[in-house]
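Worksheet for the structure shown next.
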Amino acid sequence: MFNNLSPKAKRIVFNSIIVFTVMLFVLGYFIGKSAEKEENKNDKIEEVKNEGFSYSDMENDKEKKTENVEENEPSHEEYKQENPEVDFDENAEIEVNVLSNKFTQEQINEAKNVVQKFTEAYYPFDGNNPTQSIENAKPFVTEELLNKIVGQVVRPTFEYFSRKPIKIEVYEPYEPEKEIMNLIARVTGEVYNADGALSNKETVEYNIKLVPFENTFKINDYTYKSLRGDF
């Protein structure tokens, strides 16, 4: 039958066969590649499955870890310590040193009165008469202290020419010295220059020690410090 065809027809049939054969080859190639990819994919899935953990594996591993922790973790009894004995009596009174431990309230009031009068006499200063405050304070101090303050006469300056108290407060120290009458006098005062103009406002403290004298007290010593100056 093929021999009965014309040469042209034979060429067409021959070419068709070649094309068909090529198509079959190409189709077979792609089918083979697809099958190979699918196989590789299945192999990778199987590898992942083999490398992973099942739920039961994880539970078993968890139990093993728990057992190891329980075996290695020391019991609380190993850390338990007995409370050391503390030599402390919560009902004991704390000793605080106050003037009333040594002196009566009448004596404390009398000492405060002496300190108040001393401060009113000694704090003021007059540049025209620098020793006036010392003369005024004589009735309230011992001979020992008088000899000390006589040598400490303040020399007036233009800005610090005079001063006067505005407010005086007398109170007990937080921790007075034992066996000694000890009081604080805090003074708020004003300082004036030589022209009489206000040049400063200040707050000072006298830490005063007193000794018994007849039916009252006299000041035996003091320290002085400035707490504040406004301008």
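Among the residues here, E202 does not qualify as part of a strand (DSSP E or B), acidic (D, E) and under 29 Å from N215 (Cα atoms). Evaluation of V153 against the conditions (1) β-branched (V, I, T); (2) in a strand (DSSP E or B); (3) touching a Pro at 6+ places or on another chain (Cβ under 7 Å) shows that the sole unmet condition is (2).
Within the stretch 160-195, the set of residues being part of a loop (DSSP other than H, G, I, E, B) and either hydroxyl-bearing (S, T, Y) or at pLDDT 95 or above (or both) comprises Y160, F161, Y174, N193, A194, D195. So which residues in the stretch 116-153 are open to solvent by 80 Å² or more (accessible area, probe 1.4 Å) and either in contact with a Leu (Cβ under 7 Å, 6 or more places away or on another chain) or of a type in the set (S, T, N, Q) (or both)? Selection gives N128, K138, N147, Q152. So which residues in the stretch 100-150 are in a loop (DSSP other than H, G, I, E, B) and among the small types (G, A, S), if there are any at all? Listed by number, the list holds a single entry, G127.
If the condition is being closer than 17 Å to D221 by Cα and without any contact (Cβ under 8 Å) to a residue 40 or more places away in the chain, then the stretch 149-170 contributes I149, V150, G151, Q152, V153. The one condition from (1) of a type outside the set (K, R); (2) surrounded by fewer than 11 Cβ atoms within 10 Å (Cβ to Cβ); (3) in contact (Cβ under 8 Å) with a residue 60 or more places away in the chain that M181 does not meet is (2).
Of all residues in the stretch 154-176, those being open to solvent by 60 Å² or more (accessible area, probe 1.4 Å) and either more than 30 Å from S100 (Cα to Cα) or out of contact with any strand residue (DSSP E or B) (no Cβ under 8 Å at 6 or more places or on another chain) (or both) number 9.
The values are calculated or read from the model by the stated rules, or taken from the named source; none is laboratory data. This one's a predicted model, so the numbers in the text were calculated from it and none came from an experiment. FYI the Cβ positions are ideal-geometry reconstructions off the backbone, even for glycines, and counts take in every protein chain you see. To get the accessible areas, we keep the full protein, side chains included, count just its heavy atoms, and leave off ligands, DNA and RNA. Shrake-Rupley method; radii C 1.70, N 1.55, O 1.52, S 1.80 Å.
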